Amino acid sequence: IDASEVSARLFRVLSNDVMKATKIRYGKNSQDFPFGFKLDDQVHGPQRELSVHFITPEYDFTSQEIRMHSAGKDELRVILEPDERVLSDVRLLIKTEKYTKRKQTTSLSVIEEQILRSKAAQNVEREKELVERVRRAVGKAELVINAADVTSSSQDAVIRVTDGFQDLISRTYTQLKLLGGVAYSEQQVAGAANPEDGLFDAAQWTKLSVASDEVFSFIMRKDTLGEQVTVKTIVDAFQAKPYGWDLASIEVVVASLVGGSKVTITVDGNVLKRSEIAKDLRNTQKHS
């Protein structure tokens, strides 16, 4: 077996058995943030703006170097505590799987079949034990963001990583606070576009206006430069750093600008009525 097989198997354990998710909820506004996985500087699976980067004991750098290398990166480094058996057991797990599959294709004696079945059963137990050991290692892991240590009082693997990720979100998306601690839903788009319906009270409008003013300023800057502004332009800008707003919230904010008669939205040369805004604004295929 080669190193890539070991890395891929350990990633599978971390992603499927330990984390079991590709999104983490931000406690301050209950917004779900997607993340990508990395393992010892190797990318695994689809990547996002934020990453959870697991560091194994076999990583080639010292603890201090690992911290320094994290500077300026939008990732949470999870430095697994040393466990000499973890990676050796991953190798043994893969080797045993390969061997038992290969030998089953040839003619075997009764004794050989019994031995293979026994080894395969042991391997199943080995994998279960491996998952638990990796889970414990993550629960005790050191957490690092931008060369600084992050604390968590939990030894539960998922809670510990989630705690660290909270810090990563707040450091990366400094303008997320413009949403006022609210994550809006697509069901609120119609209400934002039609203020007369009374689905938002005065306090909600005040909170929404802070985000709306930011988007309106963005639109005006683009317009001054002679650039055509599409909904996709706005979504791409405000989902990324330093905002990190979710799609539904951006749609609600844009709808509120229509409701406040600050902008109009045109589709195929036709200006949309307020009653039409929700349907088309929620259709991502029309955003461009």
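Just one of S217, S170, S154 is touching a helix residue (DSSP H, G or I) at 6+ places or on another chain (Cβ under 8 Å), in a helix (DSSP H, G or I) and of a type in the set (S, T, N, Q); which is it? Talk me through it step by step, then tell me what you get.
Numbers: S217 fails: touching a helix residue (DSSP H, G or I) at 6+ places or on another chain (Cβ under 8 Å); S154 fails: in a helix (DSSP H, G or I).
None of the other options fit; the residue is S170.
Of all residues in region 178-199 being assigned to a helix (DSSP H, G or I) and exposed (fewer than 14 other Cβ atoms within 10 Å of the Cβ), which is modelled with the highest pLDDT? Let's see the steps before the verdict.
We begin by selecting, within region 178-199, every residue assigned to a helix (DSSP H, G or I); these are 178-179, 186-193, 195-197.
Within this subset, residues satisfying the condition of being exposed (fewer than 14 other Cβ atoms within 10 Å of the Cβ) are 187, 196-197.
Numbers: Q187: 95, E196: 90, D197: 89.
Here the answer is Q187.
Need pairs with beta-carbon distance below 8 Å; first residue on the phi > 0 side of the Ramachandran plot and within region 227-244, second buried (at least 18 other Cβ atoms within 10 Å of the Cβ) and of a type in the set (V, I, T); sequence gap 6+ or separate chains.
Cβ pairs passing all conditions: G244/I169; G244/T172.
Scanning region 22-52 for residues that are open to solvent by 40 Å² or more (accessible area, probe 1.4 Å) and touching a residue at least 60 places away in the same chain (Cβ under 8 Å), which turns out farthest from the chain's Cα centre (by Cα)?
Residue satisfying both the conditions and the ranking: K28.
Check region 19-32 and report whether any residue there is in a helix (DSSP H, G or I) and on the phi < 0 side of the Ramachandran plot.
Initially, region 19-32 is screened for residues in a helix (DSSP H, G or I), giving 19.
From what is left, the residues that are on the phi < 0 side of the Ramachandran plot are 19.
So far as region 19-32 goes, yes, one or more of its residues are in a helix (DSSP H, G or I) and on the phi < 0 side of the Ramachandran plot.
Scanning region 104-123 for residues that are surrounded by 13 or more Cβ atoms within 10 Å (Cβ to Cβ) and hydrophobic (A, V, I, L, M, F, W, C), which turns out farthest from T56 (Cα to Cα)?
L108
Considering only region 203-210, I want to know if a residue exists there that is open to solvent by 50 Å² or more (accessible area, probe 1.4 Å), in contact with a Gly (Cβ under 7 Å, 6 or more places away or on another chain) and either basic (K, R) or within 22 Å of N29 (Cβ to Cβ) (or both).
Here is the first cut: in region 203-210, the residues open to solvent by 50 Å² or more (accessible area, probe 1.4 Å) are 203-207, 210.
If we keep only those that are in contact with a Gly (Cβ under 7 Å, 6 or more places away or on another chain) as well, we get 207, 210.
Retained after the next criterion (residues that are either basic (K, R) or within 22 Å of N29 (Cβ to Cβ) (or both)): 207, 210.
Yes, because at least one residue in region 203-210 is open to solvent by 50 Å² or more (accessible area, probe 1.4 Å), in contact with a Gly (Cβ under 7 Å, 6 or more places away or on another chain) and either basic (K, R) or within 22 Å of N29 (Cβ to Cβ) (or both).
Identify, please: which residue in region 124-148 is assigned to a helix (DSSP H, G or I) and β-branched (V, I, T) and is, among those, most open to solvent (accessible area, probe 1.4 Å)? Walk me through it before giving the result.
Taking region 124-148 and keeping what is assigned to a helix (DSSP H, G or I), we get 124-139.
Of the ones still in play, those that are also β-branched (V, I, T) are 124, 131, 134, 138.
Working: V124: 78, V131: 18, V134: 4, V138: 0 Å².
Once the filter is applied, the top-ranked residue is V124.
Which members of region 53-83 meet the condition of being free of Cβ contacts under 8 Å to residues at least 24 places away in the same chain, surrounded by fewer than 16 Cβ atoms within 10 Å (Cβ to Cβ), of a type outside the set (V, I, T) and assigned to a loop (DSSP other than H, G, I, E, B)?
Once the filter is applied, which keeps residues that are free of Cβ contacts under 8 Å to residues at least 24 places away in the same chain, surrounded by fewer than 16 Cβ atoms within 10 Å (Cβ to Cβ), of a type outside the set (V, I, T) and assigned to a loop (DSSP other than H, G, I, E, B), region 53-83 yields D60, F61.
Being at pLDDT below 90 and at negative phi is the requirement here; does L93 meet it? Quick ask: steps written out before the conclusion?
Values: at pLDDT below 90: no; at negative phi: yes.
For L93, the condition - at pLDDT below 90 and at negative phi - is not met.
The values are calculated or read from the model by the stated rules, or taken from the named source; none is laboratory data. Predicted model only: the values in this text are computed from it and were never measured. Here Cβ is always computed from backbone atoms with ideal geometry, including for glycine, and neighbour counts include all displayed protein chains. The area values use the complete protein model at the heavy-atom level, side chains included, leaving out ligands, DNA and RNA. Shrake-Rupley method; radii C 1.70, N 1.55, O 1.52, S 1.80 Å.
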